[in-house]
Amino acid sequence: MAKRKKKNYASPSFKKVPVILSVTIVLIGIFVLMSSLKKITDLPIQGSNQETTDTKNEEFINKLVPVAKELHQTYGILPSIIIGQAILESDWGQSELSAKYNNLFGIKSFSPNDDSIKLKTKEYKDGKWIEISANFKVYASWEDCMRDHTLLFVNGVDWDPYLYQGVLLASDYKTAAKALQASGYATDPDYAYKVTSVIEKNELYQYDK
């Protein structure tokens, strides 16, 4: 008597489970990979941004060096002080006062005959920073501003023509920076330290030779 062939009563859907599972795993893998690639492409290119900033800063310094050296030869003021103050006061020529009005040093206007603009600024008074509005000189160019800045040191102010003599006579940038603060050029109690730091970070002392 012939043996009956056993019937396979397993549901056909069970055979499809491994295939469906495999496809699902592959799809999940593709999704994860695409998400990772998107995150990578969305990341900022830090190196490129830094290189752009460094290039702009170098261009800013190179633009001021020739005039700073000329002023040094004529009046004795150190180029490192001129350029260091310009960087600190104008944020590399990016501040509104320097970019639109060519005032690199935050030089205020005290004469009605000056071409000036009123802007808000911060000053350190009674142990804290306060915001005030002040009139600032407007210049035709950065070069004009640099010359006026040096002449301020040369001529002093009405009540003290020798106020900035310590800046002019200083033989090194550290002494000059301290003289700047002692003369009251800025209200910031850390002004000398900040100017010195900018000079050293950017090796501006090389232009004093």
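The values are calculated or read from the model by the stated rules, or taken from the named source; none is laboratory data. Just so it is clear, the model here is predicted, and its values are computed rather than measured. Virtual Cβ from ideal backbone geometry, glycine too; neighbours counted across all protein chains shown. Protein only, heavy atoms only, side chains kept; ligands, DNA and RNA dropped before computing areas. Shrake-Rupley method; radii C 1.70, N 1.55, O 1.52, S 1.80 Å.
For the reader, a short list of remarks on this structure follows.
- Count of the stretch 85-104 residues which are over 15 Å from the mean Cα position of the chain (by Cα) and among the aromatic types (F, W, Y): 1
- Every pair of residues 6+ apart whose Cβ atoms lie under 7 Å, when the first sits in the stretch 65-87 and is over 19 Å from T175 (Cβ atoms) while the second is among the charged types (D, E, K, R) and assigned to a helix (DSSP H, G or I): V67/E143
- Meets criteria (touching an Asp or Glu at 6+ places or on another chain (Cβ under 9 Å) and either open to solvent by less than 80 Å² (accessible area, probe 1.4 Å) or modelled with pLDDT of 95 or more (or both)) for F105: yes
- Any hit, the stretch 138-146, residues being touching a Ser or Thr at 6+ places or on another chain (Cβ under 7 Å), more than 22 Å from A192 (Cβ to Cβ) and not acidic (D, E): yes
- From G76, G93, residue being surrounded by 14 or more Cβ atoms within 10 Å (Cβ to Cβ), small (G, A, S) and out of contact with any Phe, Trp or Tyr (no Cβ under 6 Å at 6 or more places or on another chain): G76
- Within the stretch 92-113, being closer than 16 Å to F153 by Cβ and out of contact with any Cys (no Cβ under 6 Å at 6 or more places or on another chain) holds for F105, G106, I107, K108.
- Restricting attention to the stretch 56-69, the residues that are open to solvent by 70 Å² or more (accessible area, probe 1.4 Å), more than 15 Å from S90 (Cβ to Cβ) and either within 13 Å of the chain's Cα centre (by Cα) or not basic (K, R) (or both) add up to 3.
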